[in-house]
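The next block holds one structure in the form of structure tokens; read it before the comments.
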Amino acid sequence: MKKLLPVILVMILLLTACTGGSEETTLAEETTAAEVIYRNPLNGEITDSQYDGRVFAVTINNVAPAIPHKGLNSADLFFEMYINDYCTRGLALFSDIRKVADVGSMRSNRMNFTDIAQGYNCVLFHTGGSDLVLGDLSDSGVDNIQVDVPIGYRDAERSAQGYSYEHTLFAKGESLYEAAKNKGFSLNVTDKDYGLQFSDEVTLNGENANEIEIVFTLSGVKKTSTMVYDSTADSYSYHQYGKEMTDGGERVLFKNIMVILAPTENVKHKKDTYHVAELIGSGDGYFSCGGKITAVKWSRASETAPFSFSFADGSAVSLEAGSSYIAIAPTGSAVNVK
């Protein structure tokens, strides 16, 4: 019996060890990591993996004789701002330009477009510019391509309809992607902060905003863009020049409307006067979503930083997943709500 005791003790110890190991394995199997949700950083849509593409920015002609646009309903962000004299121009940002059938019409670059492209690490597509603007672009280091045939195309149908030559330049998204690839630009970017937060549904505690009039105002010159809320689409329809904007026959719609009020100066260059907004710093603005509007603050820390937005209490603004229109209007511009 004495000889059996050590054997029995060893067996008991082995069984205890095995039982303990089994319990630990079971507990490990029952412990699961929290689900990770990936979102497109420009439009908030849920994706299968973390976004690592390159944002493409395209200048958009926005004078009355140049409409309708192409590609706006495919844009994740669309910025509108004064450029010079009486007119505004747009800059459309795309998280995947290859999905865009056609975009334009395109026009020359402006200094604030370079600012935005730098903040979002974009490849910028434009049709040139003055030596002042192109010099500023070169100094910024922004990857950019001047577009004309064969990268883009001149719309023969528009020409036949009497559009001026400067309003006929368009490009296919795949062509822009291939042009950037051929230039050797990096098309994969990781760990870039795009400054935006999103939710699947946003409920604002604000004033009713079925119609928002943004009156771009500088040196006595005014241009109005109007956003009209469509509750059925839960989006805002873009109106200007007394018309509802269309893209390929479809209304141009945005989920989110953001207004940035920024100090703007007139910069003289030879015979031209450029309107240039100061986009580094912070200031007042407005955010509208779901038929409501509220005051917000915008900020941008440096040339390479994107915009960020917060409420009066300092909490971050969450946009609703979908496309966003962002007006950069001179400080003092009226924002009228109906």
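The values are calculated or read from the model by the stated rules, or taken from the named source; none is laboratory data. Just so you know, these numbers come straight off a predicted model, no measurement behind them. Glycine gets a Cβ as well: all are built from the backbone with ideal geometry, and neighbour counts include every protein chain shown. Keep in mind that these areas ignore ligands, DNA and RNA; they rest on the heavy atoms of the full protein, side chains included. Shrake-Rupley method; radii C 1.70, N 1.55, O 1.52, S 1.80 Å.
A few points about this structure:
- Candidates 51, 38 - the one that is under 28 Å from residue 123 (Cβ atoms), of a type in the set (Phe, Trp, Tyr), open to solvent by 70 Å² or more (accessible area, probe 1.4 Å) and at pLDDT 90 or above: 38
- Residue tally, condition surrounded by fewer than 18 Cβ atoms within 10 Å (Cβ to Cβ), under 24 Å from residue 111 (Cα atoms) and not hydrophobic (A, V, I, L, M, F, W, C), over the stretch 273-323: 11
- Residue 183 meets each of the listed conditions (1) farther than 29 Å from residue 105 by Cβ; (2) free of Cβ contacts under 8 Å to residues at least 60 places away in the same chain apart from (1).
- The stretch 67-96 residues that are under 23 Å from residue 162 (Cβ atoms), paired with ones that are small (Gly, Ala, Ser) (beta carbon under 7 Å, 6 or more apart): 70/104; 70/248; 71/92; 71/104; 72/92
- Yes/no for residue 173 being over 17 Å from residue 83 (Cβ atoms) and either free of Cβ contacts under 8 Å to residues at least 24 places away in the same chain or in contact with a Pro (Cβ under 8 Å, 6 or more places away or on another chain) (or both): no
- Taking the stretch 235-334 as the region of interest, the strands (runs of 3 or more DSSP E) fully inside it that hold 1 or more residues being more than 15 Å from the chain's Cα centre (by Cα) and more than 20 Å from residue 210 (Cα to Cα) are 256-262, 264-269, 272-277, 281-289, 292-300, 308-310, 324-330.
- Listed by first and then second residue, the pairs with beta-carbon distance under 9 Å, at least 6 apart or on different chains, first residue in the stretch 256-277 and on the phi > 0 side of the Ramachandran plot and in contact (Cβ under 8 Å) with a residue 24 or more places away in the chain, second open to solvent by 20 Å² or more (accessible area, probe 1.4 Å) and not in a strand (DSSP E or B), are 270/130; 270/131; 270/132.
- Residue 226 satisfies every condition listed in (1) farther than 24 Å from residue 109 by Cα; (2) part of a loop (DSSP other than H, G, I, E, B) except (2).
- Listed by first and then second residue, the pairs with beta-carbon distance under 7 Å, at least 6 apart or on different chains, first residue in the stretch 148-167 and within 11 Å of residue 106 (Cα to Cα), second β-branched (Val, Ile, Thr), are 148/127; 154/168.
- Comparison of 115, 136 shows that the only residue that is assigned to a helix (DSSP H, G or I), closer than 21 Å to residue 54 by Cβ, among the charged types (D, E, K, R) and open to solvent by 30 Å² or more (accessible area, probe 1.4 Å) is 115.
- Top-ranked residue of the stretch 241-266 - restricted to ones that are closer than 25 Å to residue 317 by Cβ and of a type in the set (S, T, N, Q), ranked as most open to solvent (accessible area, probe 1.4 Å): 264
- The set of residues in the stretch 83-112 being open to solvent by 10 Å² or more (accessible area, probe 1.4 Å) and either within 25 Å of residue 45 (Cα to Cα) or of a type in the set (Lys, Arg) (or both) consists of 89, 95, 96, 98, 99, 101, 102, 107, 110.
- For residue 269, the conditions (1) surrounded by 14 or more Cβ atoms within 10 Å (Cβ to Cβ); (2) out of contact with any Pro (no Cβ under 6 Å at 6 or more places or on another chain) all hold with the exception of (1).
- Failed criterion for residue 73 (all others in (1) of a type outside the set (Asp, Glu); (2) open to solvent by 40 Å² or more (accessible area, probe 1.4 Å); (3) within 23 Å of residue 269 (Cα to Cα) hold): (3)
- Residues of the stretch 190-220 that are in contact with an Asp or Glu (Cβ under 6 Å, 6 or more places away or on another chain) and over 25 Å from residue 256 (Cα atoms): 190 alone.
- The residue that is least open to solvent (accessible area, probe 1.4 Å), counting only those in the stretch 139-179 that are part of a helix (DSSP H, G or I) and of a type in the set (Asp, Glu), is 178.
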